[in-house]
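Read the structure below first, then the notes.
Bear in mind these aren't lab numbers, they're just calculated from the coordinates by the rules spelled out. Note that the structure is a prediction, hence the values are computed from the model and not measured. Reconstructed Cβ throughout: ideal geometry from the backbone, glycine too, with neighbour counts over all protein chains shown.
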Amino acid sequence: MYQVKEKGKNNYELYNPEIEEKRIHQLRLISDMHMSLKNDDFHVYYQAKQSLKNNTLVGCEALVRWEHPELGKLSPIEFIPLAESSGLIIPLGKYVLEKACQFAKNWQKYSTLPFTVSINVSAAQLKSESFVDDVKESIKQTGIVGNQIELEITESLLMENIETTIKTLLKLKSMGVTISIDDFGTGYSSLSYLKKLPVDTLKIDKSFIDGLPTTEDDSVIVSSIIALANSLQLKTVAEGVENQEQKIFLSALGCDTIQGYLYSKPIPENEFLIKFGCTPH
């Protein structure tokens, strides 16, 4: 029944034991997520971002990981959609927000370099009445400055109920928080709305970076996004950069920042601090 509903009206689906097994597995994971949130089985990893202007560390992205007590490490691809469909994404997102703000605070103890921690925001979070207050409280509790936090919001999500979204973003911006459009180029945003949205950064989706610099279509798309961002005085981040050729190509186009395995994979906080040479000052 659920499979049919996902396809829309006037469809049918034959019974398949595998579907039932998958459903039972998903229900178990949702139940386990409740317990894991209480038992601190979730962890936040950080993937560094590098400036292409001077090759320095400028920030990182906070990425949640689940160490399941029985199944071991689970991919976010497996549990994030379940968290969203069950509503657990709100407490999970709040957990990541609090951890990321604390990490930004800890970074201040070891380095005076400008540094921004990016946090992914789900549709449920953005629509939640408590979200703006949660961000405000996390910033207040850790004593960080608002511009040490960047919220990454997907392109398609921004376009849902655009006027309400703009009001929410303006409240966040008033705290000093910066806003990034994640996975830019994969959604359906209107360019007329793009100039109205109070955003600071366009994050170019990995699917366009993979083909650089040899695939002509990807090269044209990435070049156009960077040119568009520059004309609107927005920053650009290329995610999923995995080799030197991609980095050189992006630098030549005027991209501001890169993120990917070429620079660093996502790693735990302590490993991050050690890897990037932070010492007390």
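Each stretch of four or more DSSP H residues adds -39500 (n - 2.57); spread over every residue of the chain, this sum gives -14500 deg cm²/dmol at 222 nm. When the GluC sites (Glu not before Pro) in region 134-227 are filtered for DSSP coil states and for at most 14 other beta-carbon atoms within 10 Å of their beta-carbon, the remaining sites are Glu160. Sorting Thr236, Thr257, Thr112 by the number of Cβ atoms found within 10 Å of their own Cβ, with the fewest placed first, yields Thr112, Thr257, Thr236.
GNM remark for the chain: springs join alpha carbons under 10 Å apart, and the peak mean-square fluctuation among Asn106, Asn270, Asn120 falls on Asn270. Distances between placed amide hydrogens fall under 5 Å for Glu242 paired with Leu262, all partners being 5 or more residues away or on another chain. Couplings 3J(HN,Hα) for region 145-154, derived from phi with the Karplus relation 6.51 cos²θ - 1.76 cosθ + 1.60 (θ = phi - 60°), are 8, x, 6, 7, 10, 10, 9, 9, 10, 5 Hz, where x marks Gly and Pro. Share of antiparallel DSSP beta bridges in the chain, in percent to the nearest 5? Counting DSSP beta bridges with both partners in the chain, the antiparallel share is about 40 percent.
Specify which residue in the list Leu92, Leu37, Thr116 is farthest towards the positive end of the charge dipole of region 2-275, using unit charges on the beta carbon of Lys, Arg (+1) and Asp, Glu (-1), about the Cα centre. The residue sitting most towards the positive pole is Thr116. Take the chain, connect every pair of alpha-carbon atoms lying under 10 Å apart with a spring to form a Gaussian network, then pick out the residue of Val237, Val132, Val117 with the largest mean-square fluctuation. Highest fluctuation of the listed residues: Val132. Amide H contacts under 5 Å for Ser118: Cys60, Glu61, Ala62, Glu150, restricted to partners 5 or more places along the chain or on a different chain, H placed in the peptide plane at 1.01 Å from N. When each of the peptides 167-175, 45-53 is scored by how many other beta carbons lie within 10 Å of its residues on average, the order from highest to lowest is 45-53, 167-175. Working from Cα pairs under 8 Å separated by at least six residues, relative contact order for region 134-199 is 40 percent. Can you tell me which of Ile162, Ile77, Ile258 moves the most in a GNM of the chain? Springs connect C-alpha atoms under 10 Å apart. Checking each option, the largest mean-square fluctuation is seen for Ile77. Rounded to the nearest 20 debye, the dipole magnitude of the chain is 900 debye, with +1 charges on Lys and Arg beta carbons, -1 on Asp and Glu beta carbons, and the Cα centre as origin. Dipole of region 27-105, Cα-centred, from +1 at each Lys and Arg C-beta and -1 at each Asp and Glu C-beta, to the nearest 20 debye? Magnitude of the dipole: close to 380 debye. Any idea how far the Cα center of region 46-116 sits from the one of region 206-241, in Å? Computed from Cα coordinates, the inter-centre distance equals 24 Å. Computing Rg/Rh (Cα atoms, Kirkwood Rh) directly from the structure and comparing it against (i) 1.02; (ii) 0.98; (iii) 0.96 singles out (ii).
Loop-located chymotrypsin sites (Phe, Trp or Tyr not before Pro) in region 186-229 (DSSP state other than H, G, I, E, B) with a sparse environment of at most 13 neighbouring Cβ atoms within 10 Å: Tyr188. Computed over region 87-146, relative contact order equals 49 percent, with contacts defined as Cα pairs under 8 Å that lie 6+ residues apart.
Database remark: amide H of Ile267 closer than 5 angstrom to the amide H of Tyr46, Gln47 (H placed geometrically; neighbours at sequence offset of 5 or more, or on other chains; Pro and chain starts carry no H). For region 2-275, the relative contact order works out to 17 percent when only alpha carbon pairs closer than 8 Å and six or more residues apart are counted.
Listed by number, the DSSP H helices of the chain that run 18 Å or longer by alpha-carbon position along their axis and have mean Kyte hydropathy of at least -0.5 are 89-110, 216-231.
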